[in-house]
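*Asks:* Pasting a structure here, questions to come.
The values are calculated or read from the model by the stated rules, or taken from the named source; none is laboratory data. This is a predicted model, so every value here is computed, not measured. We place every Cβ from the backbone using ideal geometry, glycine too, and count neighbours over all the protein chains shown. Side chains included, ligands, DNA and RNA excluded: accessible areas come from the protein's heavy atoms. Shrake-Rupley method; radii C 1.70, N 1.55, O 1.52, S 1.80 Å.
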Amino acid sequence: MQSPQITLKPGVSTSEFWIVVVSGLLLTAQAALSLVDVAWAMGGVTILGLVYTSIRGRLKSIHAQTAADQIKAQINNAPPPSNVIPFKAEP
């Protein structure tokens, strides 16, 4: 049974990306309007970036592993090349 092909969307077209962008902009706006301390806003934006990078890296890792598994399955199920001469040990 073959696993379905998993597609990985570009980062800019994911909802996670836009949630991080909007949240970062809201934190920056709050800091600019003195609603929160600048240090808190910088910390929040940094944490958002780290979380997004971590999630995106995990998704890319899963995608790469799935692709590698599919290639291995294709190689294991492929017939041997016909132009290879079998090795015979000399006595």
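*Asks:* Mind counting the residues in the range 31-58 that are farther than 20 Å from residue 18 by Cα and of a type in the set (S, T, N, Q)?
*Replies:* So the count comes out to 1.
*Asks:* So which of 26, 35 ends up being at pLDDT 90 or above and not in a loop (DSSP other than H, G, I, E, B)?
*Replies:* After ruling out the rest, the residue left standing is 26.
*Asks:* Going through 48, 8 one at a time, which residue ends up being under 30 Å from residue 73 (Cα atoms) and touching a residue at least 24 places away in the same chain (Cβ under 8 Å)?
*Replies:* Exactly one residue qualifies, and that residue is 8.
*Asks:* Return the residue satisfying two criteria in turn: it lies in the range 60-88 and is open to solvent by 80 Å² or more (accessible area, probe 1.4 Å), among the aliphatic types (A, V, I, L, M) and not in a helix (DSSP H, G or I), and of such residues it is modelled with the highest pLDDT.
*Replies:* 85
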